[in-house]
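A.B. asks: The structure under discussion is supplied below as structure tokens; questions concerning it will follow.
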Amino acid sequence: MRFLADIPDSDVEWLDTLANEQGVSRAELVRRAVAAYRADVSGDAVDNAFGIWKGRDDIGDGLKYQRRLRGKRE
């Protein structure tokens with residue numbers, strides 16, 4: 001679906017710069033922003049983030065990782 005929205009020129013310039021850097025269209029950035037905002041306000045962001053570090057090889061055992069971080073602070 002297409003829609004018309006008024007956006008300040010400075011925001012459009014920023015979107016164009018970011019779109020160019022990421023190699024996507026301005027419309028794609030807006031779609032991503034809406035999806036991220038929707039996930040944030042609906043609580044899906046927590047569900048989407050669950051297990052996000054599961055495939056990280058640099059962390060290893062989660063408990064050991066936490067203890068190592070906390071040991072540096074204490």
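The values are calculated or read from the model by the stated rules, or taken from the named source; none is laboratory data. Keep in mind the model is a prediction, meaning the values are calculated, not measured. Every residue, glycine as well, gets a Cβ built from its backbone with ideal geometry; the counts of neighbours run over all protein chains shown.
A.B. asks: Which residue out of 19, 45 is of a type in the set (A, V, I, L, M, F, W, C), modelled with pLDDT of 80 or more and surrounded by 11 or more Cβ atoms within 10 Å (Cβ to Cβ)?
C.D. replies: 19
A.B. asks: Could I ask something else about it? Filter segment 57-74 down to the residues that are among the basic types (Lys, Arg) and modelled with pLDDT under 75, then identify the one that is surrounded by the fewest Cβ atoms within 10 Å (Cβ to Cβ).
C.D. replies: 73
A.B. asks: Given the conditions (1) at pLDDT 75 or above; (2) over 30 Å from residue 5 (Cβ atoms); (3) in a loop (DSSP other than H, G, I, E, B), which single one is not true for residue 53?
C.D. replies: With (1) at pLDDT 75 or above; (2) over 30 Å from residue 5 (Cβ atoms); (3) in a loop (DSSP other than H, G, I, E, B) applied to residue 53, the lone miss is (1).
A.B. asks: May I pose another question? Determine, yes or no, whether residue 32 is among the basic types (Lys, Arg), exposed (fewer than 10 other Cβ atoms within 10 Å of the Cβ) and modelled with pLDDT of 85 or more.
C.D. replies: So residue 32 fails the test.
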